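Below: one structure, written as structure tokens.
The values are calculated or read from the model by the stated rules, or taken from the named source; none is laboratory data. On a predicted model such as this, the values are computed, not experimentally measured, just so you know. For neighbour counting, all protein chains shown are included, and Cβ atoms are generated from backbone atoms with ideal geometry for every residue, glycine included.
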Amino acid sequence: MTTTPVRPVLERPAALRRARLLNRITIGWNVVEAAIALSAGVAAGSLGLLAFGLDSVVEVSGASVLAWRLAREERTGCTQPDDRRATRALAVCFGVLAAWVAVNAVVDLAGHHEPDVSPVGIAITALSLVTMPVLARAKRRLAPVLGSRAQEREAGQTRLCAILSGVVLGGLLLNAALGWWWADPAAALVVAGLAAVEGVRSWRAESLADTCC
């Protein structure tokens, strides 16, 4: 009788190293993504792209908060207060993004603002739609090992980035193919709504089982 070998569980030091590597990748990618999306958004007058670029800025902020949290663990050992502060900081970032985008989306819809077609915006959102889900899954798998709600919520932030990529890409394509100018601010409103929901979830998140203290 043959038995299926048990896949070894990732040990905590290895999980911590992997989390920090994924964190650096997240920051690097989103710095580039934010620069391209914001530049393209300004050039095309696209609120959807601006919202997408700002979400990338928020994700850099969130990843930086998580980097602090992981560095604290390496130096002093994990503490739940650190994890709680990191999670709350992520929630605030989402809230600010949601409020700014929502107000400007309503203004654009009311003012009948028509953005230009943005091939660069279409390209960067399509690329993000492919890469972000992979990165989000890799980060989320590490959260239970680290016992970190901040790691889990930051993975959720990356997953949200993937969803927003699809939403904004849809708005850009509808504007480019059919001239539906309203699809761009409508996509921005969806971005605001999803960011608000993620912010509330992050603020209310309970601590994971304490595996690190």
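For this structure, a couple of remarks:
- When V32, V58, V42 are checked against the criterion of being in a helix (DSSP H, G or I), surrounded by 15 or more Cβ atoms within 10 Å (Cβ to Cβ) and at pLDDT 75 or above, V58 stands alone in meeting it.
- Hits in the range 142-158 (condition: of a type outside the set (V, I, T), buried (at least 17 other Cβ atoms within 10 Å of the Cβ) and either under 16 Å from the mean Cα position of the chain (by Cα) or modelled with pLDDT of 80 or more (or both)): L142, A143, R149, A150, Q151, E152, R153, E154, A155, G156, Q157
- Looking across the range 72-108, the residues that are in a helix (DSSP H, G or I), among the small types (G, A, S) and at pLDDT below 85 come down to A86, A89, A91.
- Residue within the range 127-137 that is closer than 20 Å to A44 by Cα and not acidic (D, E) present: yes
- Residue check for A162: surrounded by fewer than 22 Cβ atoms within 10 Å (Cβ to Cβ), among the hydrophobic types (A, V, I, L, M, F, W, C) and under 27 Å from A183 (Cβ atoms): yes
- Test: R69 is of a type in the set (K, R), modelled with pLDDT under 75, in a helix (DSSP H, G or I) and touching a Ser or Thr at 6+ places or on another chain (Cβ under 8 Å): yes
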